[in-house]
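Have a look at the structure below before the remarks.
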Amino acid sequence: MTLNLDEARKRLILALDVPGLDDARVLLDKIQGKVGLVKVGLELFTACGPAAVAAVRERGIDVFLDLKLHDIPATVAGAVRSALALDVAMLTVHTGGSTAMLEQAAAVAADKIKLLGVTLLTSMGEDDLAPVCLFGKPSEIVAARAALAAKCGLGGIVCSPKEVRLVRDAVGPNVSIITPGIRPAGAAMGDQKRAATPASAIGDGSDYLVVGRPIRGAENPAAAADAIVEEIAVALQNK
Ligand code: C5P
């Protein structure tokens, strides 16, 4: 059976973690046609704002705007409305907000933006919870917040590859799961402590993989992206 590389490529999201538009454009030119979406995060958006999104959209690439919105319901709903005008495909909100915040954000996003919930940042370990008055195990918080996000109408959850099965049980089959913390076998871990390979994340049920440094830092980013797409395609075929 031949691999469905086009389907696999749709699932690969490049994290455009660069400080400015010049760097962004250089990288975008290198990966044109090689990834499904590009994630614009806080670093680039704070520096360049909507121009960062436009630089991706003008190349015909879909944007995942990763702002992890967390504020009063009216303010978050307003920010989602502003994102509609930017023509982004995916946008993150923090599930630690409130039920009202999530519901109102989801109502504005409707079917125009896939609204993703961030449950508990993977940089937070068990010891980090009590100082911010969070009690329980990280896995319990992740599962409860993922279930709440699904109930409030969000279209996806961002989580660590190690949490995919837990989140899938909490949200059911119709909510997308997006996982950063991906490292192809042999790649440098950087600051990712609980990384998984593309094959294992897809095998566990992840729908989209966010990959930054393994592509950005490669000598040939296009070839690095192609290798990950092939690994995703094999994993999809084996499911
Ligand atoms: O370079 P690397 O592949 O580690 O990049 C991962 C991307 O995913 C970064 O943009 C990072 O901010 C983001 N991310 C993460 N872990 C989370 C949430 C987001 O690594 N829990």
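The values are calculated or read from the model by the stated rules, or taken from the named source; none is laboratory data. Here the structure is a predicted model, which is why all the values come from computation and not from measurement. We place every Cβ from the backbone using ideal geometry, glycine too, and count neighbours over all the protein chains shown. SASA here: full protein model, heavy atoms, side chains in, ligands and nucleic acids out. Shrake-Rupley method; radii C 1.70, N 1.55, O 1.52, S 1.80 Å.
Quick notes
- Proximity of backbone amide H atoms, modeled 1.01 Å from N, is registered between GLY41 and LEU16, ASP66 at under 5 Å, excluding neighbours fewer than 5 places apart on the same chain.
- Dipole of the chain [Lys/Arg +1, Asp/Glu -1 at C-beta], most positive-end residue of MET189, GLN104, ALA218: GLN104
- Peptide packing for 83-89, 171-177, 223-229 was compared via the average number of neighbouring C-beta atoms within 10 Å per residue; ordered from the highest value, the list is 223-229, 83-89, 171-177.
- Length gained when the stretch GLU43-GLU58 is fully extended (0.36 nm per residue, less Cα-Cα span): 3.4 nm
- As a ratio to 2.2 N^0.38 Å, the alpha-carbon radius of gyration computed for the chain takes the value 0.97.
- Efficiency of FRET from Cβ geometry, ASP169 and ASP127, R₀ 25 Å, rounded to 0.05: 0.45
- The label point for LEU134 and the one for ALA85, both projected 7 Å from the Cα toward the Cβ, are 3.3 nm apart.
- Using a cut-off of 19 Å between Cα atoms, the listed pairs LYS68/LYS193; LYS10/LYS34; LYS10/LYS30; LYS39/LYS114 include LYS68/LYS193 as exceeding that distance.
- GLN237-SER98 FRET efficiency (beta carbon distance; Förster radius 41 Å; 0.05 resolution): 0.50
- Residue-normalised accessible area of the chain, given per residue in Å² at a 1.4 Å probe: 46
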